[in-house]
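First comes the structure, then the notes that go with it.
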Amino acid sequence: MNHFLEISQLSREQIITLVQRALDFKRNPLSVSYPQYTVVNLFYENSTRTRVSFELAARNLSMPVINMNLKHSSESKGEELEDTIRTLAAMGIKIFIIRHEQEGLPKKISQLLSNQVHIVNAGDGKHAHPSQAMLDIMTIIEQKPDLSQLKITIVGDICHSRVANSLQDLCEIIGIKELVLVAPKPWQPTGSHYGRVTTSLQDGLADADVVIGLRVQRERMQTHEICDVAQYRRDYALTNETMAYAKKDVMIMHPGPINRGMEIDSDVADGSRSFILKQVENGVFMRMAILEHVLRS
Ligand code: CP
């Protein structure tokens, strides 16, 4: 069975094909139907965009959707997640969308139950958020299709960000001109990474074509990693002043949820160069392409 677990499992050709398919769905969302496949949303961490857009994506494909209420599932009686999935698979359910705080859990489940179900990773801890990276590149390609000329800059809490990890993989595979990772020292990548790392926002934003802000993820931080909010804003916030370093037609993006007045100002988030809600819109179509991809390949 095919799974969608992390960007590194995809080739450049597969990434481009998924983007093209998502753009097809955007033009004609009700073009195909797969009513024989039921989708289950298993979200162990909170979500607005990812959960709802996977649900809308499945409904657009005529797939029945079950949103498991995990507080009331039999896992509260000690059932293991893999047994929950085996149980639902025995009822004929084939597609499981999993968000979990444990890094690598979707992959582990896919290996245990490989011949029975399709697993889609909707975000696992700090590790990966591949559908977010795919909808991000779709949004970029719509506006700036010549990726080989692009400078993309990711700003903020890089080391706790599964989005930043998946975007690094994606930029490496797809081949952009330059990726810059801007973060204060405690939030810089600690292990292997792709892209040039700098503490200087001005350096990172200079002539950038795309700027992707990240949420400050306090819930994932150790005590020694929590920084002074006022200092962080002074040095790293995306404001009208700091965005002046970037190109005039810069795309401003953020996976959301945003913390207004923290990592990004409202003037920037709601301004004419912001693509934050376009990312959300594109998420539905990219997730349609991903659901079809796991069934077809
Ligand atoms: N970007 C993202 O994953 O948002 P949600 O947590 O709302 O799904």
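The values are calculated or read from the model by the stated rules, or taken from the named source; none is laboratory data. As the structure is a computational prediction, the values presented were derived from the model and not from experiment. Cβ sites come from the backbone with ideal geometry, for glycine too, and all protein chains shown count toward neighbours.
Things to note:
- Qualifying residue in the range 49-69 (condition: closer than 23 Å to residue 125 by Cα, at pLDDT below 95 and either away from the ligand (no atom under 16 Å from the Cβ) or surrounded by 16 or more Cβ atoms within 10 Å (Cβ to Cβ) (or both)): yes
- Output for the range 102-122, where each listed residue is small (Gly, Ala, Ser), surrounded by fewer than 24 Cβ atoms within 10 Å (Cβ to Cβ) and within 24 Å of residue 188 (Cα to Cα): 104
- Residue among 133, 89 that is within 14 Å of the ligand (Cβ to nearest atom) and not hydroxyl-bearing (Ser, Thr, Tyr): 133
- Of note, residue 97 does not satisfy the criterion of being away from the ligand (no atom under 16 Å from the Cβ), among the β-branched types (Val, Ile, Thr) and modelled with pLDDT of 95 or more.
- Residue check: residue 113 meets all listed conditions (1) within 16 Å of the ligand (Cβ to nearest atom); (2) over 13 Å from the mean Cα position of the chain (by Cα) but one, namely (1).
- Residue pairs whose Cβ atoms lie under 8 Å apart, separated by 6 or more positions or on different chains, with the first residue in the range 27-48 and under 21 Å from residue 285 (Cβ atoms) and in contact (Cβ under 8 Å) with a residue 12 or more places away in the chain and the second of a type in the set (Lys, Arg) and within 16 Å of the ligand (Cβ to nearest atom), are 41/51; 43/51; 43/99; 47/99.
- Inside the range 1-33, residues that are crowded, with 19+ Cβ neighbours inside 10 Å and of a type in the set (Asp, Glu) make up a count of 1.
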